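Trainee: Encoded as structure tokens, here's the structure I'll be asking about.
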Amino acid sequence: MNRETTYNFNAGPSALPTVVLERAQQQLLNFEESGMSIMEMSHRGKVYEAVHNAAIERMRKLYNIPSDYEVLFLQGGASLQFSMIPMNFLAEGEKAGYIMTGSWSEKAIKEAKMVGATYEVASTKDNHYKNIPTTFNVEEGTRYVHMTSNNTIFGTQFKTTPDINVPLIADMSSDIMSKPIDVTKFAMIYAGAQKNLGPSGVTVAIIRKDFLATAKTENPTVLQYATHVKNNSLYHTPPTFGIYMLGEVLKWIEEQGGLEAVNQQNEMKAALIYDVIDGSEGFYTGHADKDSRSLMNITFRVADEALEQQFLTEAAEAGFVGLNGHRSVGGCRASAYNAVPVAACQALADFMKAFMAKHK
Ligand code: PMP
């Protein structure tokens, strides 16, 4: 296999822009005339520090993050945030609300339950997580509400931010930096980097300062957000290579024309595939309700199970990678994150049409 003939639809870790990988390759052995790679130098030195701060600045600029928000680079993936959030923000006698839209929401509430009281603000579980809820039942005295902006496994995505009068925390792991958002609607945003931002190993957190100020202080040092704020995310050794790559991916987003442009591309890419599903008269069926469809993860089934297996096998032979649905739900899933080219989505749409013509 080679890169040119491989269509990478992996759900995460996933495709990175080729030009970013090429630049990293060029810079690998001798980063900015330092005589070594970025991975081989101190995280306390000037060279790395500049890379670190530039990545934070790029996050701020692209998302229009106001100065009353902190931008942090953490470790432990989005999964550690499932725990850190209640550990920092859910105290004895308080309760947190969770919007249940899929497996990742379930994992998030499970961790919060170990720390304190929780309840479901809304849930679409009874509808097999095919849609995003539109009504939210926020109880008085709620400490925060947690949502998953894009549901990687079921292929649904919030189209608008819920209008909720308590601090809103969003897991944006699978749609961060895929479109412009109004950061000020959130008390906190977090995401693992490995889909839209770079390699795995970095977790981004954007947190409003007044919300941060309400955090508990009795947690172990590395599990307190305050520690990372105080130390500009350099309290302990950060994943330096991952942060460098994240900065390069953000630079690439700027070169694409910013988040508006990237969003337009994402809409076009997803439409290529959804149009085939919609025009297939039931040969392909989408999992998500139309108004809740994700632009990032396109989930669908093929008419019958034997044919679905054949579809996945033939697709793999044709160079399409990562089209199997998540092991917990089966079916097919095409993840079309920022770095997946339009040409790859066009190729998949063409392949789906050709497969249908042969087997319908
Ligand atoms: N939340 C969402 C929406 C995800 O898609 C994922 C991973 N695919 C996670 C959380 C877990 O992320 P991590 O593996 O970084 O812990």
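Read-outs: derived from the displayed coordinates by stated rules, not from any lab. Every value quoted in this text rests on a predicted model; they were computed, and no experiment measured them. Please note: Cβ atoms are built from the backbone with ideal geometry, for glycine as well, and neighbour counts cover all protein chains shown.
Trainee: In nm, what is the difference between 0.36 nm times the number of residues separating ALA213 and HIS359 and their Cα-Cα distance?
Mentor: Full-extension gain reported as 46.6 nm.
Trainee: Restricting to DSSP H runs of at least four residues, report the calculated mean residue ellipticity at 222 nm for the chain, -39500 (n - 2.57) per run over all residues, nearest 500 deg cm²/dmol. Can you show the working numbers first?
Mentor: On the way: 10 runs with 129 residues, N = 360.
Estimated from H runs of four or more residues: -11500 deg cm²/dmol.
Trainee: So which GluC sites (Glu not before Pro) in the stretch 252-360 pass both tests, a DSSP loop state and at most 11 other Cβ atoms within 10 Å of the Cβ?
Mentor: Hits after loop and neighbour filter: GLU281.
Trainee: Taking the mean number of other Cβ atoms within 10 Å as a proxy for protection, how do you rank 114-123, 327-336, 100-109, 242-251 from highest to lowest?
Mentor: In decreasing order of mean packing, 114-123, 327-336, 100-109, 242-251 become 242-251, 100-109, 327-336, 114-123.
Trainee: How much length would be gained if the chain were fully extended between GLU32 and ALA54, taking 0.36 nm per residue of separation minus their Cα-Cα distance, in nm to one decimal?
Mentor: Numbers: separation 22, 0.36 × 22 = 7.92 nm, distance 1.46 nm.
Between GLU32 and ALA54, full extension yields 6.5 nm more.
Trainee: Follow-up. Residues in the stretch 297-331, backbone N under 14 Å from the label point at ASP350 (7 Å along the Cα-to-beta-carbon vector): list them, ranges by number please.
Mentor: Backbone N within reach: 318-320.
Trainee: In addition: Roughly what would the spin-label model give for VAL47 and MET268, points 7 Å off Cα along C-beta, in nm?
Mentor: 3.9 nm
Trainee: Further question on the same structure: If you average the sequence gap of Cα pairs under 8 Å that are 6 or more apart and divide by the length of the chain, what percent do you get for the contact order?
Mentor: Averaging sequence separation for qualifying contacts and normalising by length gives 23 percent for the chain.
Trainee: Using modelled backbone amide H atoms (1.01 Å from N, in-plane), which distant-in-sequence or interchain residues come within less than 5 Å of SER123's amide H?
Mentor: MET100
Trainee: Which of the three applies to the stretch 258-359, rounded, prolate or oblate, going by the alpha-carbon gyration tensor with a ≥ b ≥ c and a/c under 1.5 meaning rounded?
Mentor: Judged from the Cα gyration tensor, the stretch 258-359 comes out prolate (a/c at least 1.5, a/b above b/c).
Trainee: What is the mean projected area of the alpha carbon convex hull for the stretch 66-214, to one decimal in square nanometres?
Mentor: 8.3 nm²
Trainee: Right, another one. For the stretch 133-201, what is the percent of antiparallel DSSP beta bridges, rounded to the nearest 5?
Mentor: Once the DSSP bridges in the stretch 133-201 are tallied, antiparallel ones form about 20 percent.
Trainee: Further, regarding this structure: Which residue, chosen from MET36, VAL121, ALA11, occupies the Cα position most advanced towards the positive end of the dipole of the chain, where the dipole is computed from +1 (Lys, Arg) and -1 (Asp, Glu) charges on Cβ about the Cα centre?
Mentor: MET36
Trainee: Is the shape of the chain best called rounded, prolate or oblate, per the rule: a/c under 1.5 gives rounded, else a/b larger than b/c gives prolate, else oblate, with a ≥ b ≥ c the square roots of the Cα gyration tensor eigenvalues?
Mentor: Oblate, since a/c reaches 1.5 and b/c is not below a/b.
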